[in-house]
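Report on one structure; see the data block that follows.
None of the figures in this text is laboratory data; all of them are computed from the coordinates on show. Not measured: the values here are computed from a predicted model. Here the Cβ positions follow ideal geometry from the backbone for every residue, glycine too, while neighbour counts run over all protein chains shown.
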Amino acid sequence: MSALALSSTVTEVDFSEFSLSTSERELVRASFNRLEPAAELVGILFFLRLFDVDPSMRNQFEGPIKPHAIKMMSTMSLAVISLKQRQGAKSALRLLGTRLRQKGLKADDYNTMADALIWTLEKSLDDEFTYSVRRAWKVYLSQITSVMAAA
């Protein structure tokens, strides 16, 4: 799987139709913005955690981790920015989910990736990763991954 495929598709995706409250959207945006100065390192930490939790995922991301980390964080940035917009996203996410399934990702892989991202956010944000921030990210990722996994 190429993270580039993710980033090229997400630019046209709007995540605002998901049922996040205004405060949850703001928590996701604010917490992600805190990570942006160290985005590359956060992305690398995500992949190290992902491969530690599920070594088979390494086969989905060939080559050095750094380019995947940069692409993944760029994709996440676009997804977080799109929380402000007001158009449908589910059909685009279904299409992306279909593409990723064709590349070998299974439905359970989305949960593994979401868990690795939550862990990464917790380690990267430290005390700023409050219960409310965790909950907002879990709701957001759960909705995104369920649509993609169902494709």
Nitroxide proxy distance, nm - points 7 Å out along Cα→Cβ at D115 and K66: 3.0
Nearby lysines by direct alpha-carbon distance to K84 (threshold 23 angstrom, same-chain neighbours under 8 apart not counted): K71, K138
Amide N of the stretch 104-133 lying under 19 Å from the label point, which is placed 7 angstrom from the Cα of S23 along Cα→Cβ: 128-133
